[in-house]
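Please read the structure below before turning to the comments.
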Amino acid sequence: MSKIVIGVSSSISIYKSCEVIRLFQEKGYEVQVVMTENASRFISPVLFKALTGKPALVDLFKEGISEHIQHVHLADEAVLFVVAPATANVIAKMASGISDDFLTTFYTAAASPVLIAPAMNERMYLCRSNQANMERLKAAGVRFVEAEQGYLACGKQGYGRLASVREIVSQGELLIQKTQSLKGRTILVTGGPTREYLDSVRFLTNRSSGKMGFELAEEAKRRGAKVVLISGPTHMIPHPEVQFIPVETADQMGEQVMKHFEQSDAVIMAAAVCDYKFSKKAAGKIKKKNLPLEIQLSRTEDILEKIGTMKKDKICVGFAAEVEDIEKNAKNKLTRKNLDLIVANDISGKETGFESEFNDVFIIHRSGKILPTGKKSKLEISKDIMDEVEVLIERKN
Ligand SMILES: Cc1cc2nc3c(=O)[nH]c(=O)nc-3n(C[C@H](O)[C@H](O)[C@H](O)COP(=O)(O)O)c2cc1C
């Protein structure tokens, strides 16, 4: 039976967490409750033990419940972590990575999707720090069941009421389904810049940080796909379950893409491959006095164009970094290179694009359908892109 961890904190709406537990159980899930110390002042852990058949975990340092390091072991087992209700306090702690009790420590160890259902008085809900904390968590990939407007426990009407139990459970189930949505598929992702060497120490490159490609690879992995990530040099750490192939030059990247192309259902080319390389690469380091002032360049192979000619039923996704006429130029590139999808962004923006945590893109389909994402973290954008890729793969099969 799949295990869901339900985090309970000390909101007045805590009594509804019992119904959340019951509904997940009715749908066939095993539930483990973790609760804050303050929540245990509202409702005794004994009630949750009676509902779930297992002690509710409150104290990180309590011995005797299990022979394992409980929060890590539970993180390995859980298919979903739902915090319902979530207080402003717990949201703030999660947003900052504070891990000073079982619930928040479990969050930092969690490997599953995380869903938060906030519940609080309207002024607390709209308080700028709370809003900023929720934004930070969203940027980190945490999903929210937005609080509703209505009658609040403080006796007023307003925003901040816990979402309905049905809504929380159905969004939770959707997140679980998402972890399987690319099962059996192979996704090939490229990322990072390439380096084109003049000699053994000097090279031509670009500003790509690799962030987008690494986020895409991780998102495909979270959805259950087999993932191959081919990347130029970056400071990013690949997901341990992704097959990572580090390369340096455009030629090496092209070679690896060709090697893994056949086995892939979709190829997402987020790498910023250099358009040019030095016509000649010197062995060793050229002495300064011998450095030529004019250097001959030649074009690198256009990997995206090449896979566009061999794609058959595979889904091919390209990126277009534009400075003007973004939509028009991106659509031309999509047609010219025979792609299914192109992700276009305006690289003249200071706070988005290269080397930034954020981006603001248009996801453009071959059909002409355009989805503007607005400014979002690259993690959130990778989810939007993967949603589209998933639909395209489904449609082809
Ligand atoms: C009667 C009562 C109701 C409360 N309701 C809420 C609430 O709905 N949402 C919230 O964020 N905080 C609420 N609080 C405040 C939290 O309990 C308080 O911030 C606490 O420190 C949070 O602890 P925890 O997040 O570790 O559970 C309430 C407090 C009391 C005494």
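The values are calculated or read from the model by the stated rules, or taken from the named source; none is laboratory data. Just so it is clear, the model here is predicted, and its values are computed rather than measured. Cβ placement follows ideal geometry from the backbone for every residue including glycine, while neighbour counts extend to all protein chains displayed.
The condition (being aliphatic (A, V, I, L, M), touching a residue at least 24 places away in the same chain (Cβ under 8 Å) and in contact with a Pro (Cβ under 9 Å, 6 or more places away or on another chain)) is satisfied by just one residue among Ala139, Ala109, Ala88, Ala92: Ala88.
Which one is farthest from the ligand (Cβ to nearest atom), of the residues in the stretch 1-41 that are of a type in the set (Gly, Ala, Ser) and within 30 Å of Gly155 (Cβ to Cβ)? Quick ask: steps written out before the conclusion?
Let us first name the residues in the stretch 1-41 that are of a type in the set (Gly, Ala, Ser), namely 2, 7, 9-11, 13, 17, 28, 39-40.
Then drop every residue that is not within 30 Å of Gly155 (Cβ to Cβ), which leaves 7, 9-11, 13, 17, 39-40.
Numbers: Gly7: 10, Ser9: 4, Ser10: 3, Ser11: 3, Ser13: 6, Ser17: 12, Ala39: 5, Ser40: 9 Å.
Ranking the qualifying residues of the stretch 1-41, first place goes to Ser17.
Mind listing just one residue for me: the one in the stretch 56-81 that is away from the ligand (no atom under 15 Å from the Cβ) and modelled with pLDDT of 95 or more and, of those, farthest from Ser170 (Cα to Cα)? First the steps, then the outcome.
So in the stretch 56-81, the residues away from the ligand (no atom under 15 Å from the Cβ) come out as 61-81.
The next check asks that each one be modelled with pLDDT of 95 or more; those that pass are 78-81.
Numbers: Ala78: 17, Val79: 14, Leu80: 12, Phe81: 14 Å.
The residue in question is Ala78.
Out of curiosity, is Arg166 closer than 19 Å to Leu80 by Cβ and at pLDDT 95 or above? Considered against the rule, which asks whether it is closer than 19 Å to Leu80 by Cβ and at pLDDT 95 or above, Arg166 comes out as yes. With respect to being more than 13 Å from the ligand (Cβ to nearest atom) and either free of Cβ contacts under 8 Å to residues at least 24 places away in the same chain or among the aliphatic types (A, V, I, L, M) (or both), Val145 fits the description.
Taking the stretch 264-320 and the strands (runs of 3 or more DSSP E) fully enclosed by it, the elements with 2 or more residues that are under 27 Å from Val361 (Cα atoms) are at 266-269.
Only one of the numbered conditions (1) crowded, with 20+ Cβ neighbours inside 10 Å; (2) farther than 21 Å from Gly141 by Cβ; (3) within 20 Å of the chain's Cα centre (by Cα) is violated by Met386, and that is (2).
Residue-wise test of (1) free of Cβ contacts under 8 Å to residues at least 60 places away in the same chain; (2) touching a strand residue (DSSP E or B) at 6+ places or on another chain (Cβ under 6 Å).
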| position | (1), (2) |
| --- | --- |
| Arg222 | no, no |
| Ile230 | yes, yes |
| Pro233 | yes, no |
| Pro240 | yes, no |
| Gln243 | yes, yes |
| Glu248 | yes, no |
| Glu255 | yes, no |
| Ala266 | no, yes |
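Out of Glu262, Glu322, one residue alone is under 22 Å from Thr190 (Cβ atoms) and either of a type in the set (Val, Ile, Thr) or surrounded by 13 or more Cβ atoms within 10 Å (Cβ to Cβ) (or both). It is Glu322.
Taking the numbered list (1) free of Cβ contacts under 8 Å to residues at least 24 places away in the same chain; (2) farther than 17 Å from Val142 by Cα; (3) more than 15 Å from the ligand (Cβ to nearest atom) in turn, Gly97 passes all entries but (2).
Which of the residues spanning the stretch 206-235 are part of a strand (DSSP E or B) and over 20 Å from Glu357 (Cα atoms)? Give the steps one after another, and end with the answer.
Narrowing the stretch 206-235 to residues part of a strand (DSSP E or B): 226-231.
Once the filter is applied, which keeps residues that are part of a strand (DSSP E or B) and over 20 Å from Glu357 (Cα atoms), the stretch 206-235 yields Lys226, Val227, Val228, Ile230.
Restricting Ala84, Ala50, Ala117 to residues that are part of a helix (DSSP H, G or I) and either more than 12 Å from the ligand (Cβ to nearest atom) or at negative phi (or both) narrows the list to Ala50. Going by the structure shown, is Lys138 among the basic types (Lys, Arg), within 15 Å of the ligand (Cβ to nearest atom) and in contact with an Asp or Glu (Cβ under 8 Å, 6 or more places away or on another chain)? In short, no.
Within the stretch 2-14, residues that are without any contact (Cβ under 8 Å) to a residue 12 or more places away in the chain have Cβ atoms under 9 Å from residues that are within 14 Å of the ligand (Cβ to nearest atom) and small (Gly, Ala, Ser) in no pair, counting only partners at least 6 apart in sequence or on another chain. Please tell me if Val46 is under 16 Å from Ala109 (Cα atoms) and assigned by TED's automatic domain parsing to the domain that holds Leu126. When the stated conditions are applied, Val46 does not pass them. The set of residues in the stretch 121-146 that are crowded, with 16+ Cβ neighbours inside 10 Å, in a loop (DSSP other than H, G, I, E, B) and at pLDDT below 95 comprises Asn121, Gly141.
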